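> The structure is given below, and queries will be raised subsequently.
The values are calculated or read from the model by the stated rules, or taken from the named source; none is laboratory data. What you see is a predicted model; the values in this text were computed from it and never measured. With ideal geometry, Cβ positions are generated from the backbone for all residues, glycine too; neighbour counts draw on all protein chains shown. Just so you know, the surface numbers come from the protein's heavy atoms only, side chains and all, with ligands and any DNA or RNA stripped out. Shrake-Rupley method; radii C 1.70, N 1.55, O 1.52, S 1.80 Å.
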Amino acid sequence: IYGAFNARWLEPEDVARSFVPTVTFKSLVRLQNSLLMGPRGCGKTTLLKMLTRRAQRVWQSERIPREPQWADYRRPDFEAVYIPSDVRWSAELESVSREFAESPIEAERAQRASVSISGVMETTRVFQAIIDEQKHDPAEVLKALISHLQLGTTVPSFREIRLKLVNWIDEIQAGLIRHDVDLVRRHLDTLPAVFTTNPLHAISKACTVFEEYAGTVSPTRWAVCFDELEIAPRWLQSELFAALRSFDQRFLLKLTWSPILPTDLTPRQERQHD
């Protein structure tokens, strides 16, 4: 595992097999929003990945039986969706902003689409893990996701849903690379509206569909885990920090950040609270 540059490139199962529990993890699994700060390489990504079902499965089935001294480290009472920040999100905005110089809203829409689509893709991986583990029939869930996320003609499988979302990202990327403003705009206009608004809304809608159609195996609480927010777009940083104070109560936010917060967040801090 030490051949990986950092935990971002490790599978959750591998993270669990090498994880050394800390007091920080006990705090992170609580039913509360969390902002985890620290320099690169200190273990923030490892902690987030340990919240996921795939990591917890290995922890409970392999590590605890072999190392019972760790049994008092409680497992999360929520279903975690791990979303790594992608440096391309910011690069896309810089690129398209030059082309959409007179329409900054269109530039941001392109970026919001990339973030939202990526978030929903990771969420479907969690859905699939739950259904596979619980041996639940996925047919109704898949048809509902395709319908309510407006994915059009799509074969009802998690793989095909993700491939459809990948194709949407590829179409946007192709327009950006070609500096074809009209092509980018056309692709954005054909996307369902939920993918060009707040990324949390797209994830929330997907989870709501899952709860309605897989109620017997669906969790009651979700944790959306955005990693490495320091490389994410500024609007995403601001919206996620605002959501820490007020968002759908079914959802927790677990965020990681480098030690320096954006300066525009300073006025929002409250004495004895932040």
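> Restricting to the stretch 139-151, what's the tally of residues that are open to solvent by 50 Å² or more (accessible area, probe 1.4 Å) and part of a loop (DSSP other than H, G, I, E, B)?
1
> Select from the stretch 37-53 the residues that are part of a helix (DSSP H, G or I) and either in contact with a Cys (Cβ under 6 Å, 6 or more places away or on another chain) or farther than 18 Å from Phe226 by Cβ (or both) and list them in ascending order.
Leu48
> Same structure again: Taking Glu171 as the residue in question, decide whether it is acidic (Asp, Glu) and closer than 23 Å to Val81 by Cβ. Working first, answer last.
Values: acidic (Asp, Glu): yes; closer than 23 Å to Val81 by Cβ: no.
When the stated conditions are applied, Glu171 does not pass them.
> Answer with yes or no whether Pro156 is in contact with a strand residue (DSSP E or B) (Cβ under 8 Å, 6 or more places away or on another chain) and part of a loop (DSSP other than H, G, I, E, B).
Working: in contact with a strand residue (DSSP E or B) (Cβ under 8 Å, 6 or more places away or on another chain): no; part of a loop (DSSP other than H, G, I, E, B): yes.
So Pro156 fails the test.
> With respect to Arg159, determine if the residue is open to solvent by 30 Å² or more (accessible area, probe 1.4 Å), closer than 30 Å to Asp132 by Cα and not polar (S, T, N, Q).
So Arg159 fits the description; yes.
One line per residue, one yes/no per condition, for (1) under 20 Å from the mean Cα position of the chain (by Cα); (2) at pLDDT below 95; (3) within 25 Å of Gly215 (Cα to Cα):
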site	(1), (2), (3)
Met121	yes, no, yes
Ala129	yes, no, yes
His136	no, no, yes
Ile146	yes, no, yes
Leu151	yes, no, yes
Pro156	no, no, yes
Ile161	yes, no, yes
Asp170	yes, yes, no
Asp180	no, yes, no
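> Write out, first by first residue and then by second, each pair whose Cβ atoms fall under 8 Å of each other, whose residues are 6+ apart or on separate chains, and whose first residue, in the stretch 222-240, is farther than 17 Å from Gln32 by Cα and without any contact (Cβ under 8 Å) to a residue 24 or more places away in the chain while the second is surrounded by 21 or more Cβ atoms within 10 Å (Cβ to Cβ) and polar (S, T, N, Q).
Close Cβ pairs satisfying both conditions: none exist.
> Is the stretch 6-16 home to any residue that is open to solvent by 30 Å² or more (accessible area, probe 1.4 Å) and within 15 Å of Lys254 (Cβ to Cβ)?
The answer is no; no qualifying residue exists.
> Return the pairs, sorted by first residue and then second, in which the second residue is assigned to a helix (DSSP H, G or I) and open to solvent by less than 70 Å² (accessible area, probe 1.4 Å), the first residue lies in the stretch 17-37 and is hydroxyl-bearing (Ser, Thr, Tyr) and at pLDDT below 90, the beta carbons are less than 9 Å apart, and the residues are 6+ apart or on different chains.
Final answer for the pair search is Thr22/Leu47; Thr24/Leu47.
> So which residues in the stretch 182-203 are within 17 Å of the chain's Cα centre (by Cα) and small (Gly, Ala, Ser), if there are any at all?
The one that is within 17 Å of the chain's Cα centre (by Cα) and small (Gly, Ala, Ser): Ala202.
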